[in-house]
Structure formats: C-alpha cells, structure tokens
Amino acid sequence: MCGIVGATAQNEVVNLIVDGLRTLEYRGYDSAGIAAQNAEEVMIRKEPGKISALQNSLVKNPVSGNCAIGHTRWATHGKPNRENAHPHVSGNAIAVVHNGIIENSAELKQLLVNCGYRFASETDSETIPHLVDLYLSAGNSFFEACRKAISHLEGSYAVAITFANEPGKIIAARKGSPLIVAQGEQGFMVVSDVIALQEKNQIVYYLEEGDIAEVSADNCEFYDSKGKRVSRTGTRLGQSECVATKKDFDSFMQKEIFEQPEAVRATLARRLVNGKVSERLFDKGSSAILDGVENIHIVACGTSLNAGHVAKYWLESVAGIPCQVEIASEYRYRNPVVPPKTLFLSISQSGETADTLAALRFANDSPYLGSLGICNTNNSSLFRESEAAILTKAGVEVGVASTKALTTQLTALALLVLKIGELRNTPDAVLHNIADALLNLPSALDEALKTEEKIKEVARSISRHKSVLFLGRGHHYPVAVEGALKLKEISYVHAEAYAAGELKHGPLALVDGSMPVVVLCPENNLLEKLSSNIEEVKARHGQVYLLADHDISSQTCRGAKNTIEFEGGDSFISPIIFNVPLQLLAYHTAEFLGKNVDQPRNLAKSVTVE
Ligand code: AGP
C-alpha cells in the first residue's frame, strides 16, 4: 500500500528519500514520486511503475534539497499514471503526499472548483494541497492552513506537506493511517513505516490519531487535532525493527518461510513456564482481561482470519468456550449482537489493516468484556487501541504473502487457548500435552521444511494447471483455505479450498482427469472420513496430491499421483505444521511460473484503506 518518506536536514536528503522509498517497495505500489525543496524552488519528479523509473528520471533531471517528501502510490482513485502519482501540488508551491482515502473528496473537489482551482489528477489526494492553498490565501500561517485543511478531511489519512515559502518545514498529520516522526543526527524524517528509516538508533515518535506535527531540521512540535500543543514520548529504534535483508535466500518470502522455527521459538520464549502460561504472554494489559469470559468473537482479514478459524476449533474443543470468527469488513457493517461476557479478539500482522481497526473501534464502543489484539507490530494502531495485546515475535515480514506471521499468530493463539483452558478447568493432562507439543513445535517445523525438494516436484506439475482444489477436514480445513489463498496470491493460479465433506455438494462437478486436488491428510479421527472423500476424487480421475502424516495407511495413499509424507506432529499443533509444505508449494509454483513472489501484482503488504 502507499508509503511516505519525508526528510528535513542540514544536508542534502534526496538520496535518503529514494533509499527509503526502496525499502517500502515490499508494501506494493504502482507509481512513485518526490518533491524536493531548496531555497529557490520546489522540484517535482514522478513516474508510473517501479522506483527504478523514478531513479532514471532523477538521473536525467536531477533534483536537490535539504527538505523533500517522497511517496509510493498504490492506486485507489484513478489509474497508476504520472498525473495521479504523488506528490500533488497547488500553484507549484504546496506539495502533498498522502496515504489513505478521503471519503468526502467529491464534495471538497466541487467546493474547490467553485473557488477556481483546477485539478490535474483524478485522485482524492489532490484536494489537500488546494485546500491548504485556499487557507493560505485567506492569510493563515502555513501550520494553521494545514490544520484547517485537514479538519475538512473525512476518511483516513497520513500526510506530509511542504510549502515553498517555508523552506525546511514539513507538516505531518495522521488519522487512521500510520505516520512516524524520527529524529536522527542530521535532522528529522517523517515515514509511514519504520523500515524506511535508513539511520538506525533514531528516536521515533508514533503520531496518535488526529495528531499534527510541525517538523523542521532541528525541531519538532506536536499538536492534537484542535491545535493544542501536546507532548509525545519518543522511543529509540532497535536494529531489528528496521533491518530487512534477504540474507542468502532468493526472496524475502523464502527467507521468511525458513525463519519460522526461530520466529515460533521467540514467540514461545518465557511464556510457558512449567507447562503453565505465564503473565508474559501479555505485552499490554494482563490475563485479567479473560476474567469471566464466556464467549469469544474473533475478527481479522486474509491470513490472519484463517489463523482465527483454526483457533475456533481449538477454543471450542479444548477450552469449551463458544467462538465466532468473522471477516472484519463484514463484521463492522452488520450490527453484531454481543452476548454477555464476550471477549473481542482481533488478529493482524501489521496492526494497521483498515477493516480490522474499524472493527476494533466498533468493539471498543460495544458492550464487550474487553478487546484483546494479537499483532506483530509493537506500537501499531491495533496494539495501542486494544485494551490488552499479545505480540507475535516474527520480526519484520517483508513478503506480501504472510508466512512466519501466520505460524507465530497460531502459536500465540495456542498459548491463549491454554490460558483460557487453565481458567476454565480443562483437565491438566490435556493442557500438559498441548504445552509439550508447543515446546516441540520449532523442531517439528524444522522437519517440515525438509519437504522442500519433494514439494518442488509437485509445484512443477501444479504450475502447468489453471486451477487447483485444496481439501481438509476439522482444524485442517482453514489450513487448506490458507494454502489456496497462498497459491493464488503469488502464483495467480486459481485455487479454492473446501471442507472435504462438502465436495459432493457441488465442487465435485469440477473434478476430472485434469484437476489437481491437494489433500491435507493428518493421522487423526477424521482420516477414515477423509479417505472416503479422496476415493470420490479418484473415482473421477482427479489428480490427487497428498500431504500426509508419516503413518497414514497405504490404502489412503493408493492411486494418489504424489504423496509427500512428513511428521505432522501432535494433533493439536498439526495445523501449524501443515502450513509449511503449503507455503513451499505456493512459493515454488510461483517460482516455476516466473512470478515476483515478494510483490505479487495488485496486492499490498499492509492494507490501510477499506
Ligand atoms: C496474506 O498472505 C495476505 N497478504 C493478506 O491476506 C493479509 O493476511 C491480510 O491483508 C491481513 O493483514 P494483517 O494481518 O496485517 O491485518
């Protein structure tokens, strides 16, 4: 999704901006631009396509300045062309970069057109520089003009604004979209993601909802939305929060798949003590949020939603607590009924997903017992706005396709299930088994990664097909859904997942000799039922690929085109482990098809708009 990098310093900042934009490439974008300012002029360069196109344009027509704002745009209003790329300007003096969506842009545009402004783009964002100009023309200071302009914006925004008559100053503001001010040795930066900060050890200030910051090379003042000066506490940025390299891997996604044992180990660390879940599970709030809980509503999007679906099986079977899982964009608009003593649980890697945040805000105003967030990003909006939070310790995830974020979410959810089980008197033996299985999880993931070479063979044949079915039963059904999501997301091969028992209620019509069907085949009490479903596929000559526990019967495997056996682990953690071969399958299929696995088309890493 869109990215912002701005800097004001004692020295030249254009390269710093371009390098920062490069680090944001992983978020997904389709054009890029920069506005650089020196004492004489504001210079704009923008190009559709990759940042390399912007760099080529900067080689031909260089710009320089001690103050600049840059942007990567992921198109919402208008095509990804040069006109719609940011920065947007008014009178060639005011330049603005914007993340988010201005929902009342049509009406603002009309008002501005009536005042004589002409629009050069189809974007909602261009309303902002013209609004600032309108207030400047009325005699307001730059800061006041920005504050008044921003007060008209409905929807979500993170903006950075410069003005030719105030060289060296950036006005930064946010609502609903993240924005960070960072203080380094040479000056200040304004970024939408800490990863864009090139200089480590900076002091970072996370703007709060409605905040406006007046930033110059040697100072920064913070104001709330009413213009009242406020103080914000800075934190020193650790190395691990802003470093993302591929190491020796071909892509970030491949590296992140192989980082899973370590990420899970970090997520478990110090949280399981003598088979019991310690208070360290909570990075914000405490287990008191679970007191008296009788229902759970889980809300999330995409892969995080799939993690929630697995957790529902766990919560109901282990802790005996009713659980409902819902897509955030549906939940927020349907006036959900909240039974007494219900906990709201949101899950998000980024902690900035617009729909999940909107659902959380709705929940915070509803009669829930409390809101608990599971998130990979400390200080994200979800972390700050939830009453209690559990951080997954996956480290920075750059690949658009979520891998280690998912396994660490499932790990955190498993710990939460254990904690709720303890509170609801689940038998000790059950809880001890789960705790032991969790401690064994990192090495079980290591084992599952050894399937890579065999998975490559399956990927080679899958890559020749246009469509694939995934089947699973019980808590492996949401894992099958995740496997299908992963495949379509990065290889663009159409994929659907079904609970295997649903096959004969419709999708079986699709099965013929050319249809690959990937079946998740754990050794558990549903195996017999699943074997019958596999027979239904074989009888229609479907090409069966089994991902199977080592010890499943040879009868189940007979007639399968390919069977990949591995140690699926204890039944409870098995859905976590089965993700690994599915991630490898998606990854290698995409590789065979020559796709960009880290930045799949049309997708963004952090979906900060509705
Ligand atoms: C996963 O591979 C996706 N790219 C996507 O579904 C993602 O999980 C979803 O957008 C939710 O993101 P979040 O976890 O950051 O909220």
Express the relative contact order of the stretch 121-274 as a whole percentage, based on alpha carbon pairs under 8 Å and six or more residues apart in sequence.
15 percent
In the stretch 453-471, which residues have a backbone nitrogen under 19 Å from the label point lying 7 Å from residue 536's Cα in the Cα-to-Cβ direction?
468-471
Tell me, in nm to one decimal, what length is gained between residue 19 and residue 567 on full extension, where the rule is 0.36 nm per residue of separation less the Cα-Cα distance?
192.9 nm
Taking the mean number of other Cβ atoms within 10 Å as a proxy for protection, how do you rank 36-46, 405-415 from highest to lowest?
405-415, 36-46
Percentage relative contact order, the chain, counting C-alpha pairs under 8 Å, at least six apart:
12 percent
Taking +1 at the Cβ of each Lys and Arg and -1 at the Cβ of each Asp and Glu, which of 300, 343, 353 sits farthest along the dipole of the stretch 246-448 towards its positive end, judged by Cα position relative to the Cα centre?
343
Among 220, 75, 427, whose Cα projects farthest towards the positive end of the dipole of the chain, with charges put on the beta-carbon of Lys, Arg (+1) and Asp, Glu (-1)?
75
May I ask for the distance between the Cα centers of the stretch 448-493 and the stretch 307-365, given as a whole number of Å?
27 Å
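So for the chain: antiparallel DSSP bridges make up what percent, rounded to the nearest 5?
Numbers: 65 of 106 bridges.
Close to 60 percent.
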Roughly how tilted is helix 142-151, in degrees to the nearest 10 and between 0 and 90, from the longest Cα axis of the chain?
40 degrees
In degrees, nearest 10, the alpha-carbon axis of helix 105-114 is tilted away from the dominant principal axis of the alpha carbons of the chain by 20 degrees
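Using the beta-carbon distance between residue 221 and residue 443 and R0 = 45 Å, what value does 1/(1 + (r/R0)^6) give for FRET efficiency, to the nearest 0.05? Each step should come with its number before you reach the end.
Details: r = 52 Å, r/R0 = 1.15.
It comes out at approximately 0.30.
Quick one: order 348, 286 by neighbouring beta-carbon count within 10 Å, fewest to most.
Working: 348 34, 286 11.
Going from least to most buried by this count: 286, 348.
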Summed over the other residues with a beta carbon less than 10 angstrom from that of residue 35, with K and R at +1 and D and E at -1, the charge totals +2
How about residue 284: which aspartates and glutamates have a C-alpha closer than 16 Å to its C-alpha, ignoring those fewer than 8 places off in the same chain?
385, 387
If r is the Cβ-Cβ distance from residue 288 to residue 229 and R0 is 41 Å, what FRET efficiency results, to the nearest 0.05?
0.70
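I need to check one value: relative contact order of the stretch 3-241, counting alpha carbon pairs closer than 8 Å and at least 6 residues apart, in percent. Spell out each step's value before the answer.
Working: 603 pairs, mean separation 48.5, N = 239.
Answer for the stretch 3-241 is 20 percent.
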Which value in nm describes the separation of the simple spin-label points at residue 144 and residue 208, placed 7 Å from the Cα toward the beta carbon?
2.6 nm
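Using the Cα centre as the reference, give the magnitude of the dipole from point charges on the C-beta atoms of the stretch 249-306 (Lys, Arg: +1; Asp, Glu: -1; all else neutral), rounded to the nearest 20 debye. Could the numbers behind the result be given before it?
Details: 7 positive and 8 negative charges, 47 e Å.
Charge dipole of the stretch 249-306: 220 debye, to the nearest 20.
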What's the magnitude of the charge dipole for the chain around its Cα centre, counting Lys and Arg as +1 and Asp and Glu as -1 at the beta-carbon? Answer in Debye, nearest 20.
560 debye
With the crude spin-label approximation of a point 7 Å out along Cα→Cβ, what separation in nm comes out for residue 236 versus residue 335?
5.3 nm
Quick check: from the Cα gyration tensor, does the stretch 373-433 come out rounded (a/c under 1.5), prolate or oblate?
oblate
Which percent, nearest 5, of DSSP beta bridges in the stretch 234-392 are antiparallel?
15 percent
Measuring from the lowest to the highest alpha carbon on each principal axis, how far does the chain reach, largest first, in angstroms?
81, 53, 44
How far, in nm, would the chain grow between residue 525 and residue 56 when pulled straight, counting 0.36 nm per residue and subtracting the alpha carbon separation?
162.8 nm
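Find how much the distance from residue 327 to residue 151 grows on full extension, using 0.36 nm per residue of separation minus their present alpha carbon separation; answer in nm with one decimal.
Values: separation 176, 0.36 × 176 = 63.36 nm, distance 3.09 nm.
Gain on extension, residue 327 to residue 151, equals 60.3 nm.
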Residue 246: net charge of surrounding residues, Cβ under 15 Å, Lys/Arg +1, Asp/Glu -1, itself excluded?
-4
Helix 404-423 vs. the chain, principal-axis angle (Cα, 0 to 90°, nearest 10)
70 degrees
Cα-centred dipole magnitude for the stretch 246-448, charges only on beta-carbon of K, R (+1) and D, E (-1), debye, nearest 20:
280 debye
Can you return the aspartates and glutamates within cross-link range of residue 529? Criterion is Cα-Cα under 13 Å, with same-chain partners fewer than 8 residues away left out.
502
Among the lysines, select those whose C-alpha is under 23 Å from the C-alpha of residue 226, and discard any that sit fewer than 8 residues away in the same chain.
148, 169, 175
Over 25 Å (Cα to Cα) among 466/538; 312/393; 60/605 -> 60/605
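FYI, it's all coordinate maths here, none of it is from the lab. This structure is a prediction, so every number in the text was calculated from the model and none was measured. All Cβ positions, glycine included, derive from the backbone under ideal geometry; neighbour counts span all protein chains shown.
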